[in-house]
Ligand code: SF4
Ligand code: SF4
């Protein structure tokens, strides 16, 4: 591990220099708020942002992604043979990702990179990506990351963690990938390790003390799936849900998708699109049968997956990093913090 001081006057020049090696992504303001986007031409990451509407998940798992393609032209020898689409996996860097979003990518990876199956699209993108985090000095009111396995200075999944010190950034270089990115930027002013560690520690404690929102997860493990599944509170939890799917699209840890084939003249492509477990169509079978036809079943599925099934399966905590996006954006104020506490404190009545 090493520390580098970056004077903000040198920031733009360094980021521009890194474009010689990396395709860049980062926070950009548009009319609806901040989004993580590809930084085209001379656009710089806007490091003054507080939070982004959508997470950086789409850099590795795009909302719409062409995965396979073929030709229907029978004069071609390889007609009707699906082949992997030609996707660019050259080095890329996400500059300014929040620590909870980097942690979320590690949780998604647990599902996409397993002993049984390696999702090549997600994993190849992951391997090509360097994550340059921006610590959260002043967490917002919806942030409950410290009680959800992450935090404003969490380093999980990051290659570099930047602390904003007003006129400069202090970079904690965490991995070889991070070291390569710092070199590509030409940032080379070393900072004293002992002093830097102490400073990070102070900033981290200050930020953590500003988090006012918490969840309890300590008893989730000891409950059985069946007792939570059959608990009487699900109707109440789901009552006001309008199945808009917003909570799943803004969530950095949701990974549901749908596959579609599209044919245009002699060319055919297979496309993967984000989907949502909150939609009745998501689980409707070709026969017309739907195992989660009722809203209550779908809401239960979303929360049970995040707070129980994932926890039991991977033993890596809950499938939520406490970013607060679903709480902030749900139009009917369904709040995962309340649901988590209901599950955690539930005692079955005999
Ligand atoms: S954002 Fe709220 S209303 Fe929309 S699907 Fe999620 S829980 Fe339901
Ligand atoms: S469930 Fe909500 S708070 Fe948790 S990671 Fe997803 S959007 Fe963020």
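Across the stretch 148-164, which residue is surrounded by the most Cβ atoms within 10 Å (Cβ to Cβ) among those that are within 16 Å of ligand 2 (Cβ to nearest atom) and either within 18 Å of residue 93 (Cα to Cα) or without any contact (Cβ under 8 Å) to a residue 24 or more places away in the chain (or both)?
157
So residue 183 ticks every box in (1) away from ligand 2 (no atom under 16 Å from the Cβ); (2) in contact (Cβ under 8 Å) with a residue 60 or more places away in the chain but one. Which box is left unticked?
Failed condition: (2).
Within the stretch 237-247, can you find the residues that are closer than 18 Å to residue 293 by Cα and either in contact with a helix residue (DSSP H, G or I) (Cβ under 8 Å, 6 or more places away or on another chain) or not in a loop (DSSP other than H, G, I, E, B) (or both)? Spell out how you get there, then give the answer.
Going through the stretch 237-247, the residues closer than 18 Å to residue 293 by Cα turn out to be 237-245.
Across the stretch 237-247, the qualifying residues are 237, 238, 241, 243.
Given the options 152, 99, 91, 139, name the one that is in the same structural domain as residue 29 (by TED's automatic domain parsing), over 28 Å from residue 215 (Cα atoms) and modelled with pLDDT of 95 or more.
Checking each option against the conditions leaves just 91.
I'm trying to understand the selection: among the residues of the stretch 220-273, which are on the phi > 0 side of the Ramachandran plot and more than 14 Å from ligand 1 (Cβ to nearest atom)?
The answer is 265, and nothing else.
Which ranges mark the helices (runs of 4 or more DSSP H) fully within the stretch 170-236 that have 2 or more residues being touching a helix residue (DSSP H, G or I) at 6+ places or on another chain (Cβ under 6 Å), surrounded by 18 or more Cβ atoms within 10 Å (Cβ to Cβ) and assigned by TED's automatic domain parsing to the domain that holds residue 147?
Counting at least 2 such residues, we get 176-185.
Does the stretch 288-304 contain at least one residue that is under 24 Å from the mean Cα position of the chain (by Cα), outside the structural domain of residue 143 (by TED's automatic domain parsing), over 16 Å from residue 235 (Cβ atoms) and more than 10 Å from ligand 2 (Cβ to nearest atom)? Steps first, please.
Pass one, the stretch 288-304, residues under 24 Å from the mean Cα position of the chain (by Cα): 298-304.
With the extra rule that they be outside the structural domain of residue 143 (by TED's automatic domain parsing), the set shrinks to 298-304.
Add one more test, that the residue is over 16 Å from residue 235 (Cβ atoms), and what stays is none.
The answer is no, given that none of the residues of the stretch 288-304 is under 24 Å from the mean Cα position of the chain (by Cα), outside the structural domain of residue 143 (by TED's automatic domain parsing), over 16 Å from residue 235 (Cβ atoms) and more than 10 Å from ligand 2 (Cβ to nearest atom).
Within the stretch 31-53, does at least one residue satisfy the condition of being in the same structural domain as residue 120 (by TED's automatic domain parsing) and on the phi > 0 side of the Ramachandran plot? Before you say what the answer is, go through the steps one by one.
Kept after step one, since they are in the same structural domain as residue 120 (by TED's automatic domain parsing), are these residues of the stretch 31-53: 31-53.
If we keep only those that are on the phi > 0 side of the Ramachandran plot too, we end up with 33, 41.
Within the stretch 31-53 (the criterion being in the same structural domain as residue 120 (by TED's automatic domain parsing) and on the phi > 0 side of the Ramachandran plot), the answer is yes, since at least one residue qualifies.
Restricting to the stretch 261-282, give me the number of residues that are within 28 Å of residue 59 (Cβ to Cβ) and without any contact (Cβ under 8 Å) to a residue 60 or more places away in the chain. Let's see the steps before the verdict.
Start the filter on the stretch 261-282 by keeping residues that are within 28 Å of residue 59 (Cβ to Cβ), which leaves 261-262, 264, 267-279, 281-282.
Okay, now just the ones that are also without any contact (Cβ under 8 Å) to a residue 60 or more places away in the chain, so 261-262, 264, 275-279, 281-282.
Count: 10.
Of the residues in the stretch 1-34, how many are free of Cβ contacts under 8 Å to residues at least 40 places away in the same chain and farther than 21 Å from residue 177 by Cβ? Full working, then the answer.
At the first step, the residues of the stretch 1-34 found to be free of Cβ contacts under 8 Å to residues at least 40 places away in the same chain are 9, 12, 16, 19, 28-34.
Filter once more, so that each one left must be farther than 21 Å from residue 177 by Cβ: 9, 12, 28-34.
So the answer is 9.
The values are calculated or read from the model by the stated rules, or taken from the named source; none is laboratory data. Everything quoted here is computed from the prediction, not taken from an experiment. A quick note on method: Cβ atoms are made from the backbone with ideal geometry, for glycine too, and the neighbour counts reach across all protein chains shown.
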